[in-house]
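The values are calculated or read from the model by the stated rules, or taken from the named source; none is laboratory data. Model, not experiment: these values are computed from the prediction. Positions of Cβ are generated from backbone atoms using ideal geometry, with glycine treated the same way; all protein chains shown enter the neighbour counts. The protein model used for the area step is the full one, side chains on, heavy atoms only, and it has no ligands, DNA or RNA in it. Shrake-Rupley method; radii C 1.70, N 1.55, O 1.52, S 1.80 Å.
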Amino acid sequence: MEDQSPNISSSHGAPEPDMDDILDLTGGQYTRREVYEDDEEDRRSYSDSLEPSPESEEPSSVGSDPHPPRGALPVIPSAPVEEEHDTPTSPYGPPPPTTTGSVVVDLLYWRDIKKSGLVFGASLFLLLSLTVFSIVSVSAYIALALLSVTISFRIYKGVLQAIQKSEEGHPFKSCLDSNVAVSEELVNKYSNVALGHVNCTLKELRRLFLVEDLVDSLKFAVLMWVFTYIGALFNGLTLLILALISLFSIPVIYERHQTQVDHYIALISKNFNNVKDLILAKVPGLKRKAD
């Protein structure tokens, strides 16, 4: 019994073997430092596996990976951001381009009373002057009036600059430096338009005078016969004055009383067509080729 007690006490009370002793017993190939280094490398590799790679952070287009991993959310590409331009916007939209036709329409419909009144008054005064004087006299008087205004203003500004000892220069310098030449593109544009109208007029006159359609030729003859009476009552300048007054009055009247005017025009055209059909039915050989 005495021999077994020290053995038991030695087996239970002996210190635990050290890691170095165990490694030495297994062959002594690794040391404690090498074991710790291996553990640190395993931890680093595990942490690196958890971090996303730079390639995976980049947004991929939809449909690039036909078989995405389970649980992965689809990547939705963001819409392209449009560049903002500092362009002034009007609540009524962009202004329409100004053309010659729109300017004429604005004048005839008196959109701007001052401009329309100025154009109408100047044109009417010119035509009335031509009824009293010849065109040469009217042109000379207009040139003298303009020269008297510009020369008087030039002398006045020169005296004023001499008194104030200022160096403003010529009073009409901005007008003298501006370009008043007619561009070749503008000439070509309006010449092409005028050429088209002239060609259409020549074709229509040839058709009427050579009696391509008998009814149209008779209408043209009746119109010329009416013009003979009009020419006996009025001369060309009077007709131009009446046409000018009509241009600046009829559009405004029609715009204000469009319903009534359309009603009476429809009645007149209906009666005229009825009379024309009666004449065509009575007189043989006056029916159109289409009939």
Item to check | Sparse-neighbour loop sites [trypsin sites (Lys or Arg not before Pro); region 111-149; at most 13 other C-beta within 10 Å; DSSP] | outcome: R111
Checklist outcome for this item: Calc'd 3J(HN,Hα), region 229-239, phi into Karplus 6.51 cos²θ - 1.76 cosθ + 1.60 (θ = phi - 60°), Hz, glycine/Pro = x, comes to 6, 5, x, 6, 8, 10, 8, x, 5, 5, 5
Checklist entry - So which of K115/K219; K115/K189; K203/K276; K115/K203 end up more than 29 Å apart, counting from Cα to Cα? => result K115/K219; K115/K203
Next on the checklist: Through the Karplus equation 6.51 cos²θ - 1.76 cosθ + 1.60, θ set to phi - 60°, convert the phi angles of region 102-115 into ³J(HN,Hα) values in whole Hz; use x for Gly and Pro.
Outcome noted: 5, 5, 5, 5, 5, 5, 6, 8, 6, 5, 10, 5, 5, 5
Checklist entry - Which percent of Cα pairs goes in each bin when the distances of region 230-270 are cut into 5 angstrom slices starting at zero? => result 5, 20, 17, 15, 17, 17, 8, 0
Item to check | R154-V104 FRET efficiency (beta carbon distance; Förster radius 25 Å; 0.05 resolution) | outcome: 0.15
Checklist outcome for this item: Whole-Hz Karplus couplings 3J(HN,Hα) for region 245-257, θ = phi - 60° and coefficients 6.51, -1.76, 1.60, Gly and Pro as x, run 5, 5, 5, 8, 10, 5, x, 5, 5, 5, 5, 7, 10
Checklist entry - Exactly which trypsin sites (Lys or Arg not before Pro) in region 143-231 are in a DSSP loop and have at most 14 other Cβ atoms within 10 Å? => result K165
Item to check | Per-residue SASA entry for Y109, accessible area with 1.4 Å probe, Å² rounded to 10 | outcome: 70
Checklist outcome for this item: Low-density loop chymotrypsin sites (Phe, Trp or Tyr not before Pro), region 154-206, at most 16 other Cβ within 10 Å, DSSP non-H/G/I/E/B, are F172
